[in-house]
Amino acid sequence: EISCSLVGSEMCIRDSIMVIGIVCEFDPLHRGHARLLSHARALGADTVVCAMSGSFTQRGSFAALSKTARAEMAVRCGADLVLELPTPWAMSPAETFARGGVRLLALAGADTLLFGSECGDLPALRCLADCLDSPTFADHLTAVPESGLTFAARRQAAAASLLDNATAALLQSPNNTLAVEYLRALRHTRSAMTPCTLRREGAGHDGAPEGDTASASFLRELLRQGRGEAACAYMPTPAADVLRRELAAGRIADGALCERAILVRFRAMTEADWRPYDPGNEGLYHRLYQASRDACTVAEMLSAAKTKRYPLARLRRMVLSAYLQLPPAPERVPYLRVLAATAAGRAHLRCLRDAGAPVLTKPADVPALGPAAEELFTLESRCTDLYVLARPDLTQAAPGQDYRTTPVIV
C-alpha cells in the first residue's frame, strides 16, 4: 500500500526534467513495447508516464491480464508511472481513445508524446492529420460514394484526393492511423506536448512472429490455447515473470467465459436500449438488436450484424459497451488514478499536486473528490466486477476489487 509520502507535501524541485508520455494497453507487454520504453530513455526521458487502458481494451475485448498486472509489467520494463485510462475512453473509437490518452498525459505533466507507427515518418503523419482536419476534407469525404465501403476506406479515398495515394495508404495500417489521431488530439486539445514516433519493427498485429518478437494479438492467442510458456518466450523477462504468476493464480481472463452473461443482458434489452451505443447514429443499433433476437452466441450476433460498411472492431465495441452499460467518454478527467509507480514515478507525482485533477492512490479518498470522480470510479469498479468473472478460477472473481486495490510500487 502506498503511504501518503507518495504524494506528500515536499516541494517539487524537478523543473528541468523531460517527461515522456505513452498511451498504451500492454496486453501483454512484449519486446516491441519494451523497445518503445527503451526509446523513451534514449530520447532523454527522466520520467516515463503511461496512460493505460483498464479492464477492457480499444479492440472491444476483455484484457487478457488485469490492469494492475499489466501496470506492473510496465514499471518493471522501463516505465516510471502508470495511470489508468478510464474505460469510456479506452473502449472508444481511435479518435476518442487518442484524445482521452492525450488529455490524461497532459494533466500528468508530459512534455513529449511518444507513439509507435508502421511508417516512422512523422512529417507524413502530420500531413495526414492536417488533411483530415482541413476545412475541405468533409466535402471530399462526402463526394466518395459509399458503395458498401467502410468509413476507413472512404476516409482514405478522400485523403488520396487531397494528397496522394501513397500518403493516404498509410491509413491502412493500425498504428499509423492511431498516430494520426494522436497528432489530431494534440491540436484539438491545444496540448503543448511534442510528438515523436518510433517505427514499428518485427511481427505485424495478426501475423506470425519474427525472430524473438511477436504481436500482442499473437500472444493472446497463445494464452487462449493454454500455451502460456510459449507466450512468455516472446516477452521481456520481468513481464514474463508477471505473466507466469498470473497464470499460476488463475487470473488470465477469457471473455468467452462471460458469453452467457452477455447474452442474458442482450436478451433483456429493447431496441431503444441499444441506441445509446451507436455513436455514429447510422442505425447500426437496429442490426445489433435484430441479431440479438436470433443469435445463440456473440460470434453469431457479430456475423449477422457485420457488413462491408461496419468493421468488426466497431461492432465489438458496441456489443461490449452495451454489456457494460458504458456512458459516453467524459470531457474532463476527474482524477489521475495511479496503477503503478517506481521511485522516480513517486517523485514525479509530487509535482502534480496542481495538475488540474487530483492524484488518486487510495480508493477510500474517492468520495472527497466530488460527484464526477465518484461516478467514474463507481463505473470502473462495476466494469472490473464484470471483468473478473472472465477468469477461469472463480476464487479470483470476488466483487469490489477496485476498492481494495492499491498501486503497485517497485
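Rounded to the nearest 500, the helix-only mean residue ellipticity at 222 nm of the chain stands at -13500 deg cm²/dmol, with each DSSP H run of n ≥ 4 adding -39,500 (n - 2.57). Taking every Cα-Cα distance in region 1-160 and sorting them into 5 Å bins from zero, the calculated P(r) comes out as 2, 8, 14, 16, 18, 15, 11, 7, 4, 2, 1, 1, 0 percent. Backbone phi angles across region 357-366, fed through the Karplus curve with coefficients 6.51, -1.76 and 1.60 (θ = phi - 60°), yield HN-Hα couplings of 8, x, 7, 10, 10, 10, x, 5, 7, 4 Hz in residue order; Gly and Pro are listed as x. Each principal axis of the Cα cloud of region 317-388 was evaluated for its coordinate range; sorted largest first, these ranges are 40, 24, 22 Å. With one equal scatterer per alpha carbon and no solvent term, the Debye-computed log10 I(q)/I(0) for region 273-410 at 0.11, 0.21, 0.22 1/Å reads -0.59, -1.20, -1.26.
Equivalent ellipsoid of region 290-357: semi-axes from √(5λ) of the C-alpha gyration tensor, largest first, are 41, 13, 11 Å.
Evaluated at q = 0.14 Å⁻¹, the base-10 log of the normalised Debye intensity for region 202-341, with identical point scatterers placed on the Cα atoms, takes the values -0.89.
Principal axis extents of the Cα atoms in region 173-240, from largest to smallest and rounded to whole angstrom, are 45, 25, 21. Charge tally for residue 288 (other residues, Cβ to Cβ under 15 Å; Lys, Arg +1; Asp, Glu -1): +4. When all alpha carbon pairs of region 149-281 are counted in 5 Å bins from zero, the resulting P(r) reads 2, 8, 11, 11, 12, 14, 15, 15, 9, 3, 0 %.
For region 76-195, the convex hull spanned by the alpha carbon atoms encloses 122 Å³ per residue.
What net charge is computed for the residues neighbouring residue 314, neighbours being all others with C-beta under 11 Å from the C-beta of residue 314, Lys and Arg scored +1, Asp and Glu -1? Its environment carries a net charge of +3.
Counting Lys and Arg as +1 and Asp and Glu as -1 over every other residue whose Cβ lies under 13 Å from the Cβ of residue 358, the net charge comes to +1. Here, P(r) means the percent of Cα pairs in each 10 Å bin from 0 to the largest distance; for the chain it is 5, 22, 32, 28, 12, 2, 0.
For the chain, with all protein chains in place and a probe radius of 1.4 Å, 52% of the accessible heavy-atom surface sits on carbon or sulfur. Amide H to amide H distances under 5 Å link residue 214 with 31, 32, where only residues 5 or more positions off or on other chains count and H is placed in the peptide plane. For residue 408, the residues whose amide H sits under 5 Å from its own are 340, 341, ignoring neighbours fewer than 5 places away on the same chain, with H placed 1.01 Å from N.
Determine the per residue accessible area of the chain with all protein chains present and a 1.4 angstrom probe, expressed in square angstrom.
Details: 17500 Å² over 410 residues.
I get 43 Å² per residue for the chain.
Normalising the average separation of contacting C-alpha pairs (under 8 angstrom, six or more residues apart) by the number of residues puts the relative contact order of the chain at 24 percent.
Which order do the peptides 209-216, 345-352 come out in when sorted by mean C-beta neighbours inside 10 angstrom, highest first?
Ranked by mean Cβ neighbours within 10 Å, highest first: 345-352, 209-216.
The values are calculated or read from the model by the stated rules, or taken from the named source; none is laboratory data. Because the structure is predicted, anything quoted here is derived from the model rather than measured. Cβ atoms come from the backbone with ideal geometry, glycine included; neighbour counts cover every protein chain shown. Heads up: the accessible areas ignore ligands, DNA and RNA and are worked out on the full protein's heavy atoms, side chains in. Shrake-Rupley method; radii C 1.70, N 1.55, O 1.52, S 1.80 Å.
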